[in-house]
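The next block holds one structure in the form of structure tokens; read it before the comments.
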Amino acid sequence: MNDNQSHYIPGLEGVVAAQTRLSHVDGEAGELVIAGFPLEEIAPRAAFEEMVYLLWSGELPTARQLEEFRFLLAENSRLPAAVLDVLRAAASTGVDSMEALRMTAGLLSLDLPSDSQGWAQDAALLARLPVMAATWWRLRSGLQPLEPPPGMGLASSYLYMLRGSEPHPAHVRALETYLNTVIDHGLNASTFTARVIISTGSDLVSALVGAIGALKGPLHGGAPGPALQMVFEIGDPDQAEAYLRKKLESGERLMGFGHRVYKVRDPRADVLAAAAETLYRQAGDMRLYELARAVERKALELLEEYKPGRRLQTNVEFYTALLLHGLEIPLELFTPTFTISRAAGWIAHCREQQRENRLIRPQSQYTGPRDRRWVPLEKRTESSGAS
Ligand code: ACO
């Protein structure tokens, strides 16, 4: 065994591969710090644009800076015509929401402010994502796409474009709390992807496309849809145990539970559970919220029974599903909505990586054969394995 082999760590678990000022995840204490603020302190209070400004600059904006930043986002939110064409094609052929987002994110290069114009390029990439997600949804639903209305913040305008009417301030607050909660999270898989891409000297659009591809997988950002489906399928707290046991006995994973870093409860789950409770209470119907709570209790009990010692806890995706459903955001847009927020974190990480760049290039451990000898084509047989 050589040195490389002795250092192989599957999934890079526990490996420190970057230094960052953006966020800190303490998986044992169940703490998340965003640019110095405990998550619980900032997520329910800040407007989403304030949170983005904080990540991109290191400081919260003044009122004037916030107004200018909102203006910058708004003036860069228009989609290139080719993006609309591809979204139309994606919606009519049944291409799913994250594939539509990934395909069209690449096309944003067609009409992008130059990288030397301060934050203009970053703002354009961020501000166009909600328009792309809402446009895909409206076309898919046989509706005309809507443009972001002037003067509206990103969260309200996203809800407006989905619904076609101005959202209630309580809904905007709940969505902003969600977007703030998931904006950044250490070196998660999609952020790592973005940093690897940008570390080669590549561009921000390439990093965005790669990160979207990483986020869409069910082990990362693709879990909230299946988590909500599970709660719907259970339907009644009395059915939870039989349903969950069946899944666990057949070796399936329960979506919305477990995390690579958190071995105690994901603090984001608590922030989102509180926001969901407020939302459902305001709507005057707590049935789904209470069902989800009952499913969560039973799932945790059974995970401890089936996977003792693995310390599997509720993750952010379980309450994401409940909150976004309470906001009438369709299931197909759960992961795109996550993307809208996390893109702000990816961009911040890319800029940080560029400032302190060193090519990210780890090593692999070779486990294949050695000393093979060349066999001319005419002498190769299938049974000899052509060797
Ligand atoms: N349900 C049932 N069993 C689970 C679950 C789960 N949700 N999560 C982990 N396990 C089990 C594994 O099967 C494994 O069992 P074993 O030791 O008997 O083989 C053990 O717990 C350890 O699991 P790992 O795969 O080593 O954990 P890892 O750190 O790789 O996985 C992950 C983390 C991918 C999030 C996992 O918990 C999972 O698949 N969860 C469900 C999907 C999900 O909710 N994803 C969203 C994550 S949050 C985010 O990315 C924003």
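Hey, any hits in region 207-226 for a residue that's aliphatic (A, V, I, L, M) and at pLDDT below 95?
Yes, because at least one residue in region 207-226 is aliphatic (A, V, I, L, M) and at pLDDT below 95.
Assess whether Leu146 counts as being under 20 Å from Ser77 (Cβ atoms), modelled with pLDDT of 95 or more and buried (at least 19 other Cβ atoms within 10 Å of the Cβ).
No; evaluated as a whole, the condition is false for this residue.
List pairs: first in region 290-312 and within 13 Å of the ligand (Cβ to nearest atom), second among the polar types (S, T, N, Q), Cβ under 9 Å, 6+ apart or cross-chain?
Glu296/Thr314; Ala299/Thr314; Leu300/Gln313; Leu300/Thr314; Leu303/Gln313
Just one of Lys246, Lys216 is within 25 Å of Ala155 (Cα to Cα) and out of contact with any Leu (no Cβ under 7 Å at 6 or more places or on another chain); which is it?
Lys216
Quick grid of which residues meet (1) aromatic (Phe, Trp, Tyr); (2) at pLDDT below 95; (3) within 17 Å of Val182 (Cα to Cα):
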position: Met286; (1), (2), (3): no, no, no
position: Ala292; (1), (2), (3): no, no, no
position: Arg310; (1), (2), (3): no, yes, no
position: Ala321; (1), (2), (3): no, yes, yes
position: Phe338; (1), (2), (3): yes, no, yes
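Of all residues being among the small types (Gly, Ala, Ser) and either crowded, with 17+ Cβ neighbours inside 10 Å or closer than 19 Å to Ala321 by Cα (or both) in region 231-265, which is farthest from the ligand (Cβ to nearest atom)? Just the residue, please.
So the residue we want is Gly235.
Return the only residue of Arg372, Arg351, Arg380, Arg358 being in contact with a helix residue (DSSP H, G or I) (Cβ under 8 Å, 6 or more places away or on another chain), over 30 Å from Arg128 (Cβ atoms) and among the basic types (Lys, Arg).
Only one candidate qualifies: Arg358.
Restricting the search to region 103-118, which residues are surrounded by fewer than 20 Cβ atoms within 10 Å (Cβ to Cβ) and touching a residue at least 60 places away in the same chain (Cβ under 8 Å)?
Gly106, Ser109, Leu112, Asp115
Only residues that are touching a residue at least 60 places away in the same chain (Cβ under 8 Å) and more than 15 Å from the ligand (Cβ to nearest atom): list them for region 17-33, please.
Residues satisfying the conditions are Ala17, Ala18, Gln19, Thr20, Arg21, Leu22, His24, Ala29, Glu31.
Residues in region 38-57: is at least one more than 26 Å from Asp270 (Cα to Cα) and assigned to a helix (DSSP H, G or I)?
For region 38-57, residues more than 26 Å from Asp270 (Cα to Cα) and assigned to a helix (DSSP H, G or I): present.
Can you pull out the residues in region 184-195 that are more than 13 Å from Gly221 (Cβ to Cβ) and under 10 Å from the mean Cα position of the chain (by Cα)?
Asp184
Only residues in region 164-180 that are at positive phi count as the first member; pair them with residues that are surrounded by fewer than 24 Cβ atoms within 10 Å (Cβ to Cβ), Cβ under 8 angstrom, at least 6 apart or cross-chain, and list the lot.
So the pair list comes out as Gly164/Leu143; Gly164/Leu146.
Hey, could you check region 333-386 for residues that are under 25 Å from the mean Cα position of the chain (by Cα) and among the aliphatic types (A, V, I, L, M) and say which is nearest to Ala321 (Cα to Cα)?
Leu333
Touching a residue at least 24 places away in the same chain (Cβ under 8 Å), closer than 24 Å to Ala343 by Cβ and within 12 Å of the ligand (Cβ to nearest atom), is that true of Lys216?
So Lys216 passes the test.
Go through region 278-297 residue by residue and tally those that are touching a Phe, Trp or Tyr at 6+ places or on another chain (Cβ under 6 Å) and within 10 Å of Leu322 (Cα to Cα).
2
Can you tell me how many residues within region 322-335 are among the aliphatic types (A, V, I, L, M), closer than 16 Å to Met98 by Cα and not in a loop (DSSP other than H, G, I, E, B)?
Going through region 322-335 one residue at a time, the tally reaches 2.
Restricting region 36-87 to residues that are touching a residue at least 24 places away in the same chain (Cβ under 8 Å) and small (Gly, Ala, Ser), which is farthest from Ala174 (Cα to Cα)?
Looking at the filtered set, the residue picked out is Ala82.
Please determine whether any residue of region 190-202 is near the ligand (Cβ under 9 Å from one of its atoms), touching a His at 6+ places or on another chain (Cβ under 7 Å) and not acidic (Asp, Glu).
The answer is yes, given that some residue of region 190-202 is near the ligand (Cβ under 9 Å from one of its atoms), touching a His at 6+ places or on another chain (Cβ under 7 Å) and not acidic (Asp, Glu).
Could you please let me know if Tyr280 is more than 10 Å from the ligand (Cβ to nearest atom) and buried (at least 17 other Cβ atoms within 10 Å of the Cβ)?
Spelling it out, Tyr280 is indeed more than 10 Å from the ligand (Cβ to nearest atom) and buried (at least 17 other Cβ atoms within 10 Å of the Cβ).
Give Ala273, Ala299, Ala292 a once-over and let me know the one that is farther than 18 Å from Asp236 by Cα and either surrounded by 16 or more Cβ atoms within 10 Å (Cβ to Cβ) or acidic (Asp, Glu) (or both).
Only one candidate qualifies: Ala273.
The values are calculated or read from the model by the stated rules, or taken from the named source; none is laboratory data. Since this is a predicted model, take the numbers as computed values, not measurements. Here Cβ is always computed from backbone atoms with ideal geometry, including for glycine, and neighbour counts include all displayed protein chains.
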